[in-house]
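Asker: Got a structure for you, questions after.
The values are calculated or read from the model by the stated rules, or taken from the named source; none is laboratory data. Quantities reported herein were computed from a predicted structural model and do not represent experimental measurements. So basically every Cβ, Gly included, is an ideal-geometry build from the backbone, and we count neighbours across all protein chains shown.
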Amino acid sequence: MRIYNRLAVLRAERGLTRQELAGAVNVNYQTIGFLERGDYGPSLALAFALSEFFGVPIEAIFSPRPFEPLKAWPAAGSGP
Amino acid sequence: MRDRMRFLGMDMARRSNRRWLVAVTYVALLALGATLWTLGGNRGEAIAFTLLLLVTSLFVNQIVFGGYGCWGLIRPFNTNSPLGSHASRHNDERDLRRRDRMHFYAYRIVVSLIVLGYFLGRDPFQHPQVGNALLVGALILGLTLPQALLLWIEPDMEFEEPAVPEYPRA
């Protein structure tokens, strides 16, 4: 089953290199590249480690369905 | 890191170079096997030549393809280096999963060759030479194929941080 993720966005938001993120979750930085490109589905342990590192729930990082791009979301204050 | 991935001047971080290495090595092994096959006359020579192929396969396993040796080409796949030259690189879960899978594929092929060779050398087929050739082939592949598959399948290795993060494909 294909697992989509927001790792690249989260990493860019925090200004981290792959090396730094890889060191934080104890994997090789090439594995971060595989994860970001969607070429590798992480174990539950790695998913939890990433969730803990970024301080967001797992479902905010990984999803079985493609994430909607942020620009598709209604702009703040534009609602009724 | 990239400097340690060089073999005979070729950048082994690139998959295309690794595939060339695998192809050329197996062609060379095939040529060696065929040459010994034509030279082999009696039983003693056949055993000696089989041992020579075994030693050559061990050399390919440890030096050319890397594999389990600390001096091997695919050093990152070696978890604990006695030399300590790349202690920062360990096998993570993706590396181990890929390595396990390649061993599974390789030994499935090897077992198939052994079974085929065994039956071809006996009734009702009675092709002992073909059976023996397959068994020797299984011996060579059993020592080299897992590493060869890893070299063949692993994508280009990245060593530099991309300037812009790559976003997941939709």
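Asker: Of the residues in the range A:45-68, how many are more than 14 Å from A:MET1 (Cα to Cα) and either within 9 Å of another protein chain (Cβ to nearest Cβ) or assigned to a helix (DSSP H, G or I) (or both)?
Answerer: So the answer is 15.
Asker: Now, a different point. Being at pLDDT below 85 and either farther than 15 Å from B:ALA133 by Cβ or acidic (Asp, Glu) (or both), is that true of even one residue in the range B:23-42?
Answerer: Among the residues of the range B:23-42, at least one is at pLDDT below 85 and either farther than 15 Å from B:ALA133 by Cβ or acidic (Asp, Glu) (or both), which makes the answer yes.
Asker: If a residue has to be over 10 Å from the mean Cα position of the chain (by Cα) and not in a helix (DSSP H, G or I) to count, how many in the range A:1-16 make the cut?
Answerer: 6
Asker: Out of the residues in the range A:1-37 meeting the condition of being of a type in the set (Asp, Glu) and more than 16 Å from A:VAL56 (Cα to Cα), tell me which one is nearest to the other protein chains (Cβ to nearest Cβ).
Answerer: A:GLU36
Asker: Suppose we filter the range B:109-132 for residues that are under 25 Å from the mean Cα position of the chain (by Cα), surrounded by fewer than 16 Cβ atoms within 10 Å (Cβ to Cβ) and over 22 Å from B:ALA148 (Cβ atoms); how many remain?
Answerer: Counting residues in the range B:109-132 that are under 25 Å from the mean Cα position of the chain (by Cα), surrounded by fewer than 16 Cβ atoms within 10 Å (Cβ to Cβ) and over 22 Å from B:ALA148 (Cβ atoms) gives 3.
Asker: Sticking with this structure for a sec: Residues that are polar (S, T, N, Q), surrounded by fewer than 18 Cβ atoms within 10 Å (Cβ to Cβ) and modelled with pLDDT under 80: does the range B:61-78 have at least one?
Answerer: no
Asker: Looking only at the range B:21-28, decide whether some residue is surrounded by 15 or more Cβ atoms within 10 Å (Cβ to Cβ) and farther than 18 Å from B:ALA138 by Cα.
Answerer: yes
Asker: Evaluate the following for B:LEU150: is it surrounded by 14 or more Cβ atoms within 10 Å (Cβ to Cβ), among the hydrophobic types (A, V, I, L, M, F, W, C) and over 30 Å from B:ARG14 (Cβ atoms)?
Answerer: No.
Asker: I would also like to ask the following. Restricting the search to the range A:1-35, which residues are of a type in the set (Asp, Glu) and either at pLDDT 95 or above or closer than 15 Å to B:ASP92 by Cβ (or both)?
Answerer: none
Asker: With the requirement that a residue be in a loop (DSSP other than H, G, I, E, B), surrounded by fewer than 16 Cβ atoms within 10 Å (Cβ to Cβ) and not acidic (Asp, Glu), what does the range A:17-40 give you?
Answerer: A:THR17, A:ASN26
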